[in-house]
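> Take this structure first; my questions come after.
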Amino acid sequence: MRYPSLVGGTLRRRYKRFLADVQLDDGREVVAHCPNTGSMRAVNVPGCRVWLAPSDNPQRKLAWTWELIELPEPEGGVALASVHTGRTNRIVAEALQAQRIAALAGAGSWQAEARVEGSRLDFRRPGTSGIDTFVEVKQVTLRETDGYGYFPDAVSERGRRHLEALASLAARGHRAVLLFCVAHEGIADVAPADHLDPAYGETLRRVAGQGVEVLAHGVRVARGAAAVPEDISLAAALPVRLHGV
């Protein structure tokens, strides 16, 4: 997925869930839209460098959208993390259509937003003999101080409902997949965040034992001139540690 021309700045604060104050590299102070309704635990770090997408749409209330943040690495350097949860499904959709997810490669076209039993899952691929493949995508950006990646970053009743929907599909013979899109370059594996939402971890382990497949893939951010991020795509598969780290 190619970004529009991004502009760098420094995060001052995120507030009211959808707003962020940013000082651009040219000194201007702007208010950016924060396209992330979650807690943003460990990625809402004032003082870090961020990347914004500008818009010239006169219908928009805010001319800037917060896309990425650069987070310090323990041994030096930075890791990019995507804060824009709306980008995640597009990244995965491109990878699915291009057959770049080996575990999900195969014949058939993917359809977005499948409604099943009161829930909406992200992708569905019709199969033969009425056996379909369903995929629910979750963005992972939480890296705790122990260096590991976790999901969710807060209590997620909606996330548990998605797991139950996947388990119901698996029980009926469909292929049901939970895919963690790890949108943080510094995360090398994923575990359920039992310390934040123990019910989610318990449910995830149970449905995994009932036939729900659990996958994780990282992302790759390509930079262009002056190290400006230009493109983000799904990268290699990562380990999922269902029983913690």
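The values are calculated or read from the model by the stated rules, or taken from the named source; none is laboratory data. Because the structure is predicted, anything quoted here is derived from the model rather than measured. Cβ: placed from backbone, ideal geometry, glycine included. Neighbour counts: every protein chain shown. The area values use the complete protein model at the heavy-atom level, side chains included, leaving out ligands, DNA and RNA. Shrake-Rupley method; radii C 1.70, N 1.55, O 1.52, S 1.80 Å.
> For the chain, with only Lys/Arg (+1) and Asp/Glu (-1) charged at the beta-carbon, what is the dipole magnitude about the Cα centre, in debye rounded to 20?
About 640 debye.
> Separate question: Read through the labelled values (1) 12.7; (2) 14.1; (3) 16.6 and report the label of the one computed as mean projected area of the Cα convex hull in nm² from the structure.
Computed from the coordinates, mean projected area of the Cα convex hull in nm² corresponds to (2).
> Further, regarding this structure: Can you give me the long-range amide H partners of Leu19? Hydrogens built in the peptide plane at 1.01 Å from N, cutoff under 5 Å, separation of 5 or more residues or another chain.
Cys34
> What longest region of the chain stays clear of GluC sites (Glu not before Pro) that DSSP places outside H, G, I, E and B and that have at most 13 other Cβ atoms within 10 Å? Mind showing how you got there, number by number?
Details: sites that count: Glu75, Glu117.
Longest run free of exposed loop sites: 118-245.
> Moving to a separate point now. All other residues with a Cβ under 10 Å from the Cβ of Thr88 taken together, and with Lys, Arg as +1 and Asp, Glu as -1, what is their net charge?
Values: positive: Arg87, Arg90, Lys138; negative: Asp122.
Counting the neighbours of Thr88, the net charge comes to +2.
> Run lengths n ≥ 4 of DSSP H only: what is the helix-derived mean residue ellipticity at 222 nm for the chain, with -39500 (n - 2.57) per run over all residues, to the nearest 500?
One gets -4500 deg cm²/dmol as the mean residue ellipticity at 222 nm.
> Tell me the carbon and sulfur percent of the accessible area for the chain, rounded to whole percent, probe radius 1.4 Å.
49 percent
> Which whole-number percent gives the relative contact order of the chain, counting Cα pairs below 8 Å spaced six or more residues apart?
16 percent
> Any idea of the accessible area per residue across region 89-194, 1.4 Å probe, to the nearest Å²? Walk me through the numbers before you get to the answer.
Working: 4480 Å² over 106 residues.
Per-residue accessible area for region 89-194 comes out at 42 Å².
> Here's a follow-up. Write down, largest first, the equivalent ellipsoid semi-axes of region 5-101 in whole Å, where each equals the square root of 5 times an eigenvalue of the alpha-carbon gyration tensor.
Rounded to whole Å, the semi-axes are 22, 19, 13.
> Please compute the modelled spin-label separation between Arg2 and Gln99, points set 7 Å along Cα→Cβ, answer in nm with one decimal.
2.4 nm
> Could you give log10 I(q)/I(0) at q = 0.11, 0.15, 0.24 Å⁻¹ for region 114-203, computed by the Debye formula over C-alpha point scatterers of equal weight, without solvent?
Values, matching the q order: -0.34, -0.60, -1.16.
> Using Cα pairs under 8 angstrom and six or more residues apart, how large is the relative contact order of region 74-162, in percent? Don't skip to the end; give the middle numbers.
Details: 83 pairs, mean separation 16.8, N = 89.
Relative CO of region 74-162 lands at 19 percent.
> Using Cα-Cα distances under 8 Å and only pairs 6 or more residues apart, what relative contact order does region 133-245 have, in percent?
29 percent
> Return the long-range amide H neighbours of Val78 (sequence gap of 5 or more, or a different chain), with a cut-off of under 5 Å between placed amide H atoms.
Counting only residues 5 or more places away or on other chains, the set is Glu73.
> With point charges of +1 on the Cβ of Lys and Arg and -1 on the Cβ of Asp and Glu, referenced to the Cα centre of region 56-168, which listed residue (Gly106, Tyr148, Thr128) lies farthest in the positive direction of the dipole?
Result: Thr128, furthest along the dipole toward the positive end.
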